[in-house]
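Where a number appears in this text, it was derived from the coordinates with a stated rule and is not lab data. Keep in mind the model is a prediction, meaning the values are calculated, not measured. For neighbour counting, all protein chains shown are included, and Cβ atoms are generated from backbone atoms with ideal geometry for every residue, glycine included.
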Amino acid sequence: MSRNIITGIDVGTYCVKVVIANAKERNEKGLPKILATAQAESRGLRHGYVTNVRDVSSAIKKAVTIASEKAGVTVKKAFVGISGIGLSSVATNSFVMTSRADAEITSLDIKNLREQCEKDIPASSIANRRIIFDIPLQYKIDGFPALGKIEGLKGNKIEQKTLFITCLDHHVTDLISAVNEAGIECEDVVAAPIAAGMVTLSKSQKVAGCVLANIGAETVSISVFENNIPTSLEVFPIGSTDITNDIALGLKVPLEEAEQIKIGAITGASYPRKKLEEIIAARLSDIFELIEAHLKKIGRNGLLPAGIVITGGGSGLNSIDTMAKISLKLPSRIGTIGALDNKSSFKDATWAVAYGLCIWGLHNEESPEIDASRVFIKNAWKRTVRAVKQFLP
């Protein structure tokens, strides 16, 4: 396989999505050209985590095979998105004293500071978890905020606020095992909400502050961005399948019919429209209450100028953006893959994670920087690779 070929695999509870892109051929936006996409029904997953490695491996292999045949390439390596209720984040504030007599900050001081941040993670937040990667959120030197690179500056006390993206250890291990069993080498494991944000959010949205909500089949994952970097991440065990179940119970119809009603494939007077809207609104209200609670927890409720961007399979529900606007008191819109050009075969944001993984992979190849909004990846890249390698067999 050509080293120019990048593959992203999004292993979701409902389906496995694969995007194959060419790093050397670019679209109108300067991003990797998509060669092929494919999807296969997921099996062996529950709330985003692996319950049966063999079933998940079979679904991955099927999707990759279809995409490979379309693209005319052989996929041997891939970047894999990880999601599910085992994914979370924790932020720590730590400090160290500079080691040099002249108080100049060195790379050793920065390394010691990062290690101290990891040591200061509460035991309850790291038990049975592994760090996927970390992102420096803020530096202070002698109590004053410091922007940009701090190496070479002078000060006695260096403080750092760091966001650690973590996942349950066995969830990561099982996912990598499933990918390997499908005959594919896992080049990197990336948090799905972060990957999605790379292609659905603009730089201006990330700078101003926004929350990206991916409403999947059995989970809702959110990632909060401010000052161009992710500042929080959380996953909730609720999704669009719960809406389907509620419709089936409320209207007394089979699950298959309830799913068709939910997506608007069945219309007419065969069911009470008002009751359907009440059922959907009640479950969406639960979802937005969870998002609001998290924003309150991190002190950002009502304070994100770019509002909420909704993606995932559940984003197609009628008036979901209006309800989000009312519930969260924030601007709201349905996300699209804005990184694609006008000739692209799809704009559906349900493919955002898989394509975002390809963008991540482009940086792994040390290609030219695409957008300043990706700078944090370069800063954390070496730590990311080091952290993920410990999961590989």
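Please sort by residue number the trypsin sites (Lys or Arg not before Pro) in segment 153-185 whose DSSP state is loop and whose Cβ has at most 14 other Cβ atoms within 10 Å.
none
Angle check, please: helix 352-364 long axis (alpha carbons) against the longest principal axis of the chain (alpha carbons), in degrees 0 to 90, nearest 10.
Result, in degrees: 30.
Give me the angle, in degrees from 0 to 90, between the Cα long axis of helix 107-119 and the longest principal axis of the Cα atoms of the chain, rounded to the nearest 10.
Helix 107-119 and the main axis of the chain meet at about 50 degrees.
May I ask for the angle, rounded to the nearest 10°, between helix 240-251 and the longest principal axis of the chain, with both axes built from Cα atoms and the value confined to 0 to 90°?
Rounded to the nearest ten degrees, it is 30.
Translational D (Stokes-Einstein, µm²/s) of segment 87-166 at 4 °C and 1.567 mPa s when Rh comes from the Kirkwood sum over C-alpha pairs?
It comes out at roughly 100 µm²/s.
In which sequence would M198, M97, M323 go, from the one with the fewest C-beta neighbours within 10 Å to the one with the most?
So the ranking, lowest neighbour count to highest, is M97, M323, M198.
Considering every Cα-Cα pair within segment 205-334, what fraction, in whole percent, is farther apart than 26 Å?
Of the Cα pairs, 24 percent sit more than 26 Å apart.
Segment 223-286 to segment 13-88: how many Å between their Cα centroids?
The distance from the Cα centre of segment 223-286 to that of segment 13-88 comes to 25 Å.
Report the FRET efficiency, 1/(1 + (r/R0)^6), for A265 and K29, where r is their Cβ-Cβ distance and R0 is 30 Å, rounded to 0.05.
Calculated value: 0.40.
Quick one: Y271, Y355, Y139, Y49, fewest Cβ neighbours within 10 Å first, how do they rank?
Ordered by Cβ neighbours within 10 Å, fewest first: Y271, Y139, Y49, Y355.
Quick one: order I20, I229, I247 by neighbouring beta-carbon count within 10 Å, fewest to most.
Result, fewest neighbours first: I229, I247, I20.
Cross-link candidates for K111: which lysines have Cα within less than 25 Å, leaving aside residues fewer than 8 places away along the same chain?
K119, K140, K149, K154, K157, K161, K378, K382, K389
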